[in-house]
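Trainee: Okay, here's the structure, questions in a sec.
The values are calculated or read from the model by the stated rules, or taken from the named source; none is laboratory data. Everything numeric here is computed off the predicted structure, so don't read it as measured data. Here Cβ is always computed from backbone atoms with ideal geometry, including for glycine, and neighbour counts include all displayed protein chains. These area figures cover heavy atoms from the full protein model, side chains too; ligands, DNA and RNA do not enter into them. Shrake-Rupley method; radii C 1.70, N 1.55, O 1.52, S 1.80 Å.
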Amino acid sequence: MITGILPFVSRPSRYLGNEVNSFHKDSEKVRVKFALAFPDAYEVGMSHIGLQILYSILNSRDDIACERVFAPWIDMEAILRSKGMPLVSLESGLPLRNFDVIGFSLQYELSYTNVLNMLDLSSIPLLADERDENYPIILAGGPCAFNPEPMAEFFDAILIGEGEEAVLEIADTVLRWKEARGDKGALLKELSRIPGVYIPSFFKVRYNPDNTIAEIRPLSKEVGRVKKRLIRDLDKVPHSTRPILPFMKVIHDRLTVEIARGCKRGCRFCQAGFTYRPYRERSLDQVEGIIHKGLAATGYEEISLLSLSAGDYTSIRELLTDVMGRYAGEKVAISLPSMRIETLTQQMMDQILRVRKTGFTMAPEAGTPRLRDVINKGVEEDRLFEATWHLSQRGWKSVKLYFMIGLPTEREEDLRAVGELSGRLRFVGGRGRAPIHVNTSVSTFVPKAHTPFQWEPQIPLPEILDKHTCLRSKLRDHGVRLKWQDPRMSLLEGVFARGDRRLSRVLMEAHNLGCRFDGWGEHFSFDLWKRAFDSCGVSMECYANRRRAFSEVLPWEHIDSGVEKEFLLRDWERSMGGEMSLQCREDSCEDCGACDRNGTGLRLKRGVVPRPNIYQGRRVNSPMRIRARVFKLGEARFLSHLEMVTAFHRAAKRAHLPLLYSRGFHPLPKIRFEGALPLGMESLAELADFELFEPIGMETFMEKLNGELPEGLGVSSLEIISPSRRRGDIEEDHWCVLGFSQLNELQEKIDVFLERDQLIHAQRRKRGIGQIDLRSMVDKVGIRYTIPLPETDASQLPPSFREVLNWKGGVIEFILRGKDGQKPRAREVIRWVFGLTEEEIKGLRFIKLVER
């Protein structure tokens, strides 16, 4: 079991798999086992709404078990390899090789080596032609699938486009194939008949002597250009209303609700704006229903309205007014992660401000109007200054700006204007007001497939570095903070964004050299990548820095994104003349090809009159304060203190307890824990105080809260205390420690310790290193052969803890006493008494029993 190695890895909550709203299926009813694989860390993958939606759709069927797997972090991978253990799913711990289907989400080119690493850890051959029907079918999807060729030789099938409908069709096809006991070729043939599914082995690529592509030829008359899968009406496909609630703080730690898909604007560098065409909206009623159910199922404190341009949503004002009217009283904030400046209104700012000031990012993309016209951004500087001024007047102290360098036709004055524009925005508040903080983020332009700039070169690495040096100097002069992506990472992204099948050899070599987590700066090694390219005789510059001829066969030529190549060429020509293109609207169309006469086209959902504001404020006539004895047992010991506190916060919200909230910038429920239990330790004796705005019965409180807490966390007893009662330090902690062997030798060490008059130990404190007398604070050290558990209802204890009840080995028991406001840590006692190493201590199980 993977639980046995969790004490030895960082952030073990990544690997628990028993989060709130996760599925655990009865294996006897399951006929298809489907693994959703995300080739990045858990905290990145669990922030992806597409994974949550597909997980919910697949698990809506009793005969399909959909489970998750993420790229194991470096320390976990090292342990798996050293112990010869396979990569397993989170929910059931099933090795990946035992699944029927493994579906990878390709969100970012720099995650490609993680795909290979996950297959390798699962003892699954990397190349598709080396896998027969005895291995799982390896699928891929996601935005990078629109140029699948660098990864084509590793996948059996690739879904192009949107997956809500196709994923069940794929599962049903696999189920029929399993029942027929066919060979792999038969399954691939059936999968190829599903609209949007691309089978790389059904195509052959031929190259010219100059290394350009001569042709991409289908090997059968039944196979043709693969047209992307498209959801015509978002209201007719499910959206996750019970998303999995991670224990750890993930990248986007909030309820994410997709309000629209696609974009009206047509920024010429933006792949998503073209590949997700046409623009489609979810209806206001459905969005509000998803929010209501999602908050009830999670207890999140923030809602994120997801769209490529949230301000373009037809009913955005009605939505903000209605949602904040309903949930402001519960201190639920709202954020708009992708906002165009010209759509941001004062009314929207005021609604967002009702709970707390969430962040604002504005993306001019380029420093001058000329270059913004070239990329079809169309942002007016006056509007940017106006929006920033209104934000500053409402109390926002900082804004984030996003720019790109290396855009087509970029000149020196465009680069200089980035610094000047950022600097002028600092003083938008005028005289007498403090300058606002401007954080400018700069990335390097990467040409992407299926955009008007797909033929453009990426600027060379030395030029990127020179531009970064210039920008740092100019922004420093203006007092602006600059953040940027490593230019070498941008170069590599550019290579794979427009690469072909020959890059598969480079990927395999890079994986063999140890490339992992290439999107993480601390693990990215450009030197290893250079070695991989050199050993394969492949030039990075040939892929990234070469302008493509318009007549050239592009690696993605056989993939139909819905946008016609002729339109992209026309739009490129307009860009070179600095000419803007029209927005996608009901009364205007550029005829890009994304809309057709079969019901596929622009879909706007008109709003309704907002409901009245139902939140009238809370009257706190009879506040109540409850002190709870809390347990943290079993696998819950792998939660950090902050993760445990967050779990209680959100469980209390799901239980609809009448919580009081703090005031200030970030309101939180008034739930306070006495001390912080270290990661990896269990306890039956934690204390937490809950402040309520109205009385509630003790039995009701406990039943509601325990009904919402995840396994391993709970409340065992309650008492009402005076709101004025001060919190005091716990004087004694009663500990027992399991997992020792050689008890005779331990007794000798205990005797030596007890005979000492004192044992001075250095212990880190908030204000530095201090000294304590460990001997005077430790009492009653001894060996027991039964665990002195207090009277506790065993049914309340999690299954992962009940093994302790039947423990047959010896247990070390001791009591820690506080003295002069200090108390030693239990691990330090074990280390000093028994002379154990840090790794040996990690293998023990610490349980706090009673406080006195």
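Trainee: Give me the pairs: first residue in region 505-528 and at positive phi and touching a residue at least 40 places away in the same chain (Cβ under 8 Å), second residue open to solvent by 10 Å² or more (accessible area, probe 1.4 Å) and aromatic (Phe, Trp, Tyr), beta-carbon distance under 9 Å, and six or more apart or on different chains, which are they?
Mentor: Sorted first by the residue in region 505-528, then by its partner, the pairs are 517/73; 517/524.
Trainee: What number of residues within region 82-127 are open to solvent by 10 Å² or more (accessible area, probe 1.4 Å), over 25 Å from residue 3 (Cα atoms) and part of a loop (DSSP other than H, G, I, E, B)?
Mentor: Adding up the residues that qualify gives 5.
Trainee: Next question, about the same structure. Going through region 283-338 one residue at a time, which ones are touching a Cys at 6+ places or on another chain (Cβ under 6 Å) and of a type in the set (Gly, Ala, Ser)?
Mentor: Answer for region 283-338, where residues must be touching a Cys at 6+ places or on another chain (Cβ under 6 Å) and of a type in the set (Gly, Ala, Ser): just 309.
Trainee: Further question on the same structure: State whether the residues of region 333-351 include one that is part of a helix (DSSP H, G or I), farther than 20 Å from residue 396 by Cα and open to solvent by less than 10 Å² (accessible area, probe 1.4 Å).
Mentor: No, that holds for no residue.
Trainee: Where in region 649-759 are there strands (runs of 3 or more DSSP E), lying fully within it, with 2 or more residues that are modelled with pLDDT of 90 or more and open to solvent by less than 10 Å² (accessible area, probe 1.4 Å)?
Mentor: 682-692, 713-721, 732-738
Trainee: Moving on to the next point. Within region 423-458, restricting attention to residues that are part of a helix (DSSP H, G or I) and touching a Phe, Trp or Tyr at 6+ places or on another chain (Cβ under 8 Å), which residue is most open to solvent (accessible area, probe 1.4 Å)?
Mentor: Checked region 423-458; the qualifying residue most open to solvent (accessible area, probe 1.4 Å) is 424.
Trainee: Related question: From 571, 587, grab the single residue that is at pLDDT below 85 and either of a type in the set (Asp, Glu) or at positive phi (or both).
Mentor: 587
Trainee: Turning to a different aspect of this structure: As an exercise: evaluate residue 149 against (1) surrounded by fewer than 24 Cβ atoms within 10 Å (Cβ to Cβ); (2) more than 25 Å from residue 72 (Cβ to Cβ); (3) over 22 Å from the mean Cα position of the chain (by Cα) and give the number of the one condition it does not meet.
Mentor: So the condition that residue 149 fails would be (1).
Trainee: Identify the single condition in (1) open to solvent by 30 Å² or more (accessible area, probe 1.4 Å); (2) modelled with pLDDT of 75 or more that residue 778 does not satisfy, given that it satisfies every other one.
Mentor: Status for residue 778: all satisfied but (1).
Trainee: Starting from residues that are among the β-branched types (Val, Ile, Thr) and modelled with pLDDT of 95 or more, keep the ones in region 446-470 and report whichever is nearest to residue 409 (Cα to Cα).
Mentor: Ranking the qualifying residues of region 446-470, first place goes to 459.
Trainee: Out of region 128-146, which residues are under 15 Å from residue 501 (Cβ atoms) and surrounded by fewer than 20 Cβ atoms within 10 Å (Cβ to Cβ)?
Mentor: 129
Trainee: If you go through region 392-414 one residue at a time, do you hit one that is part of a helix (DSSP H, G or I) and farther than 16 Å from residue 474 by Cβ?
Mentor: yes
Trainee: Now for a different question. So how many residues does region 128-142 have that are assigned to a strand (DSSP E or B) and within 23 Å of the chain's Cα centre (by Cα)?
Mentor: Counting residues in region 128-142 that are assigned to a strand (DSSP E or B) and within 23 Å of the chain's Cα centre (by Cα) gives 4.
Trainee: For the subset of region 466-484 comprising residues that are under 21 Å from residue 544 (Cβ atoms) and open to solvent by 80 Å² or more (accessible area, probe 1.4 Å), which member is nearest to the chain's Cα centre (by Cα)?
Mentor: 484
Trainee: Of the residues that sit in region 352-382 and are of a type in the set (D, E, K, R) and farther than 15 Å from residue 269 by Cβ, which one is least open to solvent (accessible area, probe 1.4 Å)?
Mentor: By that ranking, first place goes to 356.
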